[in-house]
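Read-outs: derived from the displayed coordinates by stated rules, not from any lab. Just so you know, these numbers come straight off a predicted model, no measurement behind them. When we count neighbours, we look across all protein chains shown, and the Cβ atoms used for this are built from the backbone with ideal geometry, even at glycine.
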Amino acid sequence: MLVITLISLIMLIAGAVNWFMVGAFEFNFFAWFFGGDDALALRILYAVIGVSAVWIVYVLVSNKGRLNVSMKK
């Protein structure tokens, strides 16, 4: 579960940075990278980022607000 949590956290941060760029600069990096707003890969990426956000919320709730992503115990 550590690997899934790390990947989810990276995806969530990437999505947040992308939406910051949309809001601040009117530039959607993901749409630019995948070739437009109507690209199927872009819709899949947004869905994966959404699932990542749900996973992070699940981890936070199940761990009483702690997000532990270190290899140490």
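General remarks:
- When each of the peptides 14-26, 46-58 is scored by how many other beta carbons lie within 10 Å of its residues on average, the order from highest to lowest is 46-58, 14-26.
- Gap separating the Cα centres of the range 46-67 and the range 1-41, nearest whole Å: 16
- For the range 59-68, Karplus couplings with θ = phi - 60° (6.51, -1.76, 1.60), whole Hz, Gly/Pro x: 5, 5, 5, 6, 9, 6, x, 9, 10, 9
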